[in-house]
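Enquirer: Before I ask anything, let me first share the structure, which is written out below as structure tokens.
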Amino acid sequence: MEQLLAMLRAAGDPTRLRLLLILREAELTVSELTHILGQSQPRVSRHLRLLCEAGLLQRFKEGSWVFYRAVDRGPRAQLGATLATLAGTEPDALEADRRQLASVREARAGAAAAYFRANASEWERIRSLHAPEQDVEAAIVDLFAGAGVDALLDAGTGTGRMLELLAPFIRRGVGIDVSAEMLAIARDRLERAQAHHCQVRLGDLYRLPFPDGSNDQGFDAALFHQVLHYLDDPQAAIVEAARVLRPGGQIVVVDFAPHELEFCRDELNHRRLGFSDDEAKGWFRAAGLSQTQTRSIAPDANASAAQLTVRIWAAVSQPAKSRQRAGALT
């Protein structure tokens, strides 16, 4: 009862209610919220603090910026959904806030587009390296469609393309990346795709900001799409992702087969020139996973330049009972 009263008190203020409702539609910084509400930063910050203390908002630090978002699971999310439904009976009440939100989204899109244009030549060069992108994406969708994924971790999300691609097949997606510039592009992409059940966070793949997976929490699947060849220690990243999986959860790795294109290392910052099947097996073994399948996607035979073969490896974690038995033996 006390928790319910605390949530109702937090939401029972005109400014805080506006904040809660607008943050159900997007994750925003304090400066963006001051623009939308037309109020001072100290005032907005105080209201945000009260909503966070009541557990109605989540707060994420990203470099010097802090993003806020309405919680999306549990009874507090249910309260937010109920308030949004009630507010929806008078849509004109929030129309001004939504117009300002649209202007914030336009500004974000412009910044993301500028960054993308500045790096477009390198992007196109990377895309031309490997097997046809549509073939790779079709294979990824085939792995996840119908799998009943409740929560997906996109490790090294980059521009958020994998979250956009898999959004129709998952209930919730979280992308992690070390680049704030990439996350700006990802947020814009997800907004345009209306994938509001997906979000992105600044984070380290070796130290994921999530608790250990269990029957009650964690991810059903983790995806590494063209990420591991940039890392110093791919195995450590796989082991860390396995830590946050629910029992029986799946890890999927999409990367290059071994190749000899040295310019990838010298000019594109690839630390590894592809991976062998034996290496993938070693990662999964170290993480306590059982490999389930391997796929190979060949280059386009009609390509004007040499292309790389893409490999897809998948493995699953132990179910709950197996984990308990393994723990009892150690």
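Enquirer: Name, by its number, the condition in (1) within 18 Å of residue 255 (Cα to Cα); (2) at pLDDT below 90; (3) touching a Lys or Arg at 6+ places or on another chain (Cβ under 9 Å) that does not hold for residue 184.
Expert: Just one mismatch for residue 184, condition (1).
Enquirer: Ok, one more. Out of everything in the stretch 238-260 that is in contact with a helix residue (DSSP H, G or I) (Cβ under 7 Å, 6 or more places away or on another chain) and open to solvent by 30 Å² or more (accessible area, probe 1.4 Å), what residue ends up being nearest to residue 286 (Cα to Cα)?
Expert: Of all residues in the stretch 238-260, those in contact with a helix residue (DSSP H, G or I) (Cβ under 7 Å, 6 or more places away or on another chain) come to 238-239, 247, 251-256.
Restricting the remaining residues to those that are open to solvent by 30 Å² or more (accessible area, probe 1.4 Å) gives 239, 247.
Details: 239: 7, 247: 16 Å.
My answer is 239.
Enquirer: With 49, 43, 59 as the choices, which residue is among the basic types (Lys, Arg), at pLDDT 90 or above, outside any helix (DSSP H, G or I) and surrounded by fewer than 17 Cβ atoms within 10 Å (Cβ to Cβ)?
Expert: Numbers: 49 fails: outside any helix (DSSP H, G or I); 43 fails: outside any helix (DSSP H, G or I).
It is 59.
Enquirer: While we're looking at this one, here's another question. Taking the criterion of being within 15 Å of the chain's Cα centre (by Cα), surrounded by 22 or more Cβ atoms within 10 Å (Cβ to Cβ) and on the phi > 0 side of the Ramachandran plot, would at least one residue in the stretch 183-200 satisfy it?
Expert: Taking every residue of the stretch 183-200 in turn, none turns out to be within 15 Å of the chain's Cα centre (by Cα), surrounded by 22 or more Cβ atoms within 10 Å (Cβ to Cβ) and on the phi > 0 side of the Ramachandran plot.
Enquirer: Pull out all pairs, ordered by first then second residue, where Cβ-Cβ is under 8 Å, the residues are six or more apart or on different chains, the first lies in the stretch 71-96 and is over 23 Å from residue 54 (Cα atoms), and the second is surrounded by 16 or more Cβ atoms within 10 Å (Cβ to Cβ).
Expert: 93/87
Enquirer: A further question follows. For the stretch 266-302, which positions are in contact with a helix residue (DSSP H, G or I) (Cβ under 9 Å, 6 or more places away or on another chain), part of a strand (DSSP E or B) and of a type outside the set (Gly, Ala, Ser)?
Expert: 291, 293, 294, 295, 297
Enquirer: Just a yes or no: is a residue in the stretch 196-203 in contact (Cβ under 8 Å) with a residue 24 or more places away in the chain and farther than 26 Å from residue 32 by Cα? Steps first, please.
Expert: Restricting attention to the stretch 196-203, the residues satisfying the condition of being in contact (Cβ under 8 Å) with a residue 24 or more places away in the chain are 196-203.
Those left that are additionally farther than 26 Å from residue 32 by Cα: none.
The answer is no, given that none of the residues of the stretch 196-203 is in contact (Cβ under 8 Å) with a residue 24 or more places away in the chain and farther than 26 Å from residue 32 by Cα.
Enquirer: Follow-up question, since we're still on this one. Give me the residue from the stretch 9-40 that is hydroxyl-bearing (Ser, Thr, Tyr) and assigned to a helix (DSSP H, G or I) and, out of that set, least open to solvent (accessible area, probe 1.4 Å).
Expert: In this case the residue turns out to be 15.
Enquirer: Name the pairs whose Cβ atoms lie under 7 Å apart, with the first residue in the stretch 285-296 and at positive phi, the second among the aliphatic types (A, V, I, L, M) and not in a strand (DSSP E or B), and 6 or more positions between them or separate chains?
Expert: Hits for this filter: 288/242.
Enquirer: Right, another one. Quick test for you: out of 107, 6, 77, pick the one residue that is of a type outside the set (Phe, Trp, Tyr), out of contact with any helix residue (DSSP H, G or I) (no Cβ under 7 Å at 6 or more places or on another chain), assigned to a helix (DSSP H, G or I) and open to solvent by less than 30 Å² (accessible area, probe 1.4 Å).
Expert: Numbers: 107 fails: open to solvent by less than 30 Å² (accessible area, probe 1.4 Å); 6 fails: open to solvent by less than 30 Å² (accessible area, probe 1.4 Å).
Of 107, 6, 77, the one residue that is of a type outside the set (Phe, Trp, Tyr), out of contact with any helix residue (DSSP H, G or I) (no Cβ under 7 Å at 6 or more places or on another chain), assigned to a helix (DSSP H, G or I) and open to solvent by less than 30 Å² (accessible area, probe 1.4 Å) is 77.
Enquirer: Any residue at all in the stretch 210-221 that is out of contact with any helix residue (DSSP H, G or I) (no Cβ under 9 Å at 6 or more places or on another chain) and of a type in the set (Asp, Glu)?
Expert: Checking the stretch 210-221: at least one residue is out of contact with any helix residue (DSSP H, G or I) (no Cβ under 9 Å at 6 or more places or on another chain) and of a type in the set (Asp, Glu).
The values are calculated or read from the model by the stated rules, or taken from the named source; none is laboratory data. Just so we're clear, the structure is a prediction, and the values are computed from it rather than from any experiment. Neighbour counts are summed over all protein chains in view; Cβ atoms, including those assigned to glycine, are modelled from backbone coordinates with ideal geometry. Areas reflect the complete protein model, heavy atoms only, side chains present, ligands, DNA and RNA absent. Shrake-Rupley method; radii C 1.70, N 1.55, O 1.52, S 1.80 Å.
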